[in-house]
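Notes to accompany the following structure.
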Amino acid sequence: MRSASENARQPRPDLDDVDEVIGASRMTSLRFRLERIARRRRLGVALTVLFFGATGVTGMIDGGHWPTVRSEIENLHVTVANAVGFRVIAVATEGQSALTDDEVLLALGIGENTALPFLDVGAARDRLMANPLVQDATVRKLYPDRVTVHLVERKPFALWQHDGKVQILAEDGTPIDEFRDSRFAHLPLVVGPSANLRARPLLDALDGAPKIKTETYAAVLVAERRWNLKLRSGVEVKLPETGFREALARLESLQATRNLFSKDIAIVDLRSPIRTVVRVTPEAADKLAEAEKAAEKARKKAGAT
């Protein structure tokens, strides 16, 4: 045990230090108290905001406005991008011929509120390539607000009728689309199985006989071997299996010199390389028969006299 003298020698704590310790303790206690109050207030504010938010959402759902609000929330990034100048305002196309502007825009997925940063050019190209008229496509972004599209279209060459439907053909005979509107009504029509694969040589030969080509509205492949032409006047032209280019040249000459298709003719048979056989219509045949009967009567009367 310490003696009284030793205790007397120990330094007494300073009163100022004691006050500082007490003050710090009070500040710590006050800080903890304030933090508890702040936490309670934050919790109250959060609960209040949650309550009003839930009330607002419930009101929007009951009023039928929630889908619109949800869409605006989901597209907030698009709205912001458009607001700062990234709205797509122009689409420049190159190589567009058969496709309409609406078909291009629909495939690109571009509307009034499309934001350029969020346009998926890969998906846009895939949608363009899904169109049978498109052979190749390139889609690029030009910031801040433009899109360029380079198209390589399949050239519509002819119409092909088979199995109760009509399709548009490319030059190589590949069907590229169904015939649905009048944009391709001017194309020549070929009919029959495999007619799509054999149409090119015939149509090339018709280019050398413009008068016949103008009169032709359909070419029918017979037994997948030879062609019959259906003319707008109702005349049927039978072409040979081989040498139909020369046969068409012969018919072109007959039309130019004798205006063959203005007469009462039903069939022109060109299958023989050395002669042209013409069959008249039934009405013309009846008239000829009557004329022959009249001539025969006249001859008999003359002989009796």
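The values are calculated or read from the model by the stated rules, or taken from the named source; none is laboratory data. Remember, it's a predicted structure, so these values are computed and weren't measured experimentally. Please note: Cβ atoms are built from the backbone with ideal geometry, for glycine as well, and neighbour counts cover all protein chains shown. The protein model used for the area step is the full one, side chains on, heavy atoms only, and it has no ligands, DNA or RNA in it. Shrake-Rupley method; radii C 1.70, N 1.55, O 1.52, S 1.80 Å.
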Within region 112-126, how many residues turn out to be of a type in the set (D, E, K, R), more than 15 Å from Q96 (Cβ to Cβ) and in a helix (DSSP H, G or I)? 1
Exception for P144 within (1) open to solvent by less than 30 Å² (accessible area, probe 1.4 Å); (2) closer than 30 Å to L116 by Cα; (3) assigned to a loop (DSSP other than H, G, I, E, B) falls at (1)
Can you find a residue in region 178-187 that is surrounded by 12 or more Cβ atoms within 10 Å (Cβ to Cβ) and without any contact (Cβ under 8 Å) to a residue 24 or more places away in the chain? yes
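If a residue has to be among the acidic types (D, E) and either modelled with pLDDT under 90 or over 17 Å from S233 (Cβ atoms) (or both) to count, how many in region 243-277 make the cut? Let's see the steps before the verdict.
Kept after step one, since they are among the acidic types (D, E), are these residues of region 243-277: 246, 252, 264, 269.
Applying the additional criterion that residues be either modelled with pLDDT under 90 or over 17 Å from S233 (Cβ atoms) (or both) yields 246, 264.
Residues meeting the conditions: 2.
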Would you confirm whether or not region 259-266 contains a residue that is in contact (Cβ under 8 Å) with a residue 12 or more places away in the chain, under 24 Å from R198 (Cβ atoms) and buried (at least 17 other Cβ atoms within 10 Å of the Cβ)? no
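Can you go through K230, K293, K211, K238 and tell me which one is open to solvent by less than 50 Å² (accessible area, probe 1.4 Å) and of a type in the set (D, E, K, R)?
On the way: K230 fails: open to solvent by less than 50 Å² (accessible area, probe 1.4 Å); K293 fails: open to solvent by less than 50 Å² (accessible area, probe 1.4 Å); K211 fails: open to solvent by less than 50 Å² (accessible area, probe 1.4 Å).
Criteria check complete, one pass: K238.
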Taking only pairs six or more apart or across chains, which ones have beta-carbon atoms under 7 Å, a first residue in region 191-213 that is among the basic types (K, R), and a second residue that is assigned to a helix (DSSP H, G or I)? K211/E252; K211/Q255; K211/A256; K213/L206; K213/D207
